[in-house]
Amino acid sequence: MEEIRVYHTIWRKELFCGIGCLAVTALIPFVGTFTPRDGGVMLVLCLWGLYLLSTVFRERWQHRPYLTITDESIIMQRKDYPENVIRFDEVKSFERETSRFLGHTSFTGFIIVHLKNGHGFVSIIGASDLTMKSQQLYDLLNERLKK
């Protein structure tokens, strides 16, 4: 079967937040009285906006998928970490993490990977804000595990 690539979709939110921080930074001197304390606020907002924009552009330019699902393994690439390879022959099961609040059960956005190594070791895959719905990703991983 083919290799399936899953990307983050949160880059739009980061882009708008970064542009918003820079816009607020540009407007602070023109609103009301300007004090030295406002200079510190401007610096923090400007740096935060630049950081958010740099992460968006780095992820878009490199075009690295967050998850690459092959027939044999899952390759998880986080922003600033080395890639993590989880082989399907080492996986015992996948489980959707849920939480109970006021009698309601809801999905938290994580898929827990139980490994066969006998020590109860687990790995966690973030399944929210991706190009594939979390339920589709969960079903796909279980389908690949059964093969």
Task: Members of region 38-73 found to be among the acidic types (D, E), assigned to a helix (DSSP H, G or I) and touching a residue at least 24 places away in the same chain (Cβ under 8 Å), listed by number - done: E59
- [ ] Return the pairs, sorted by first residue and then second, in which the second residue is open to solvent by less than 50 Å² (accessible area, probe 1.4 Å) and part of a loop (DSSP other than H, G, I, E, B), the first residue lies in region 122-147 and is more than 13 Å from Y7 (Cβ to Cβ), the beta carbons are less than 6 Å apart, and the residues are 6+ apart or on different chains.
- [x] S134/A127
TODO: With the condition kept exactly as written, say whether any residue in region 90-97 is polar (S, T, N, Q), touching an Asp or Glu at 6+ places or on another chain (Cβ under 9 Å) and either open to solvent by 90 Å² or more (accessible area, probe 1.4 Å) or not in a helix (DSSP H, G or I) (or both).
DONE: no
TODO: Tell me which residues, restricted to region 1-20, are modelled with pLDDT under 80 and assigned to a strand (DSSP E or B).
DONE: H8
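The values are calculated or read from the model by the stated rules, or taken from the named source; none is laboratory data. As the structure is a prediction and not an experimental result, all values here were calculated from the model. When we count neighbours, we look across all protein chains shown, and the Cβ atoms used for this are built from the backbone with ideal geometry, even at glycine. Each accessible area value is taken on the protein alone, full model and side chains, heavy atoms only, with ligands, DNA and RNA left out. Shrake-Rupley method; radii C 1.70, N 1.55, O 1.52, S 1.80 Å.
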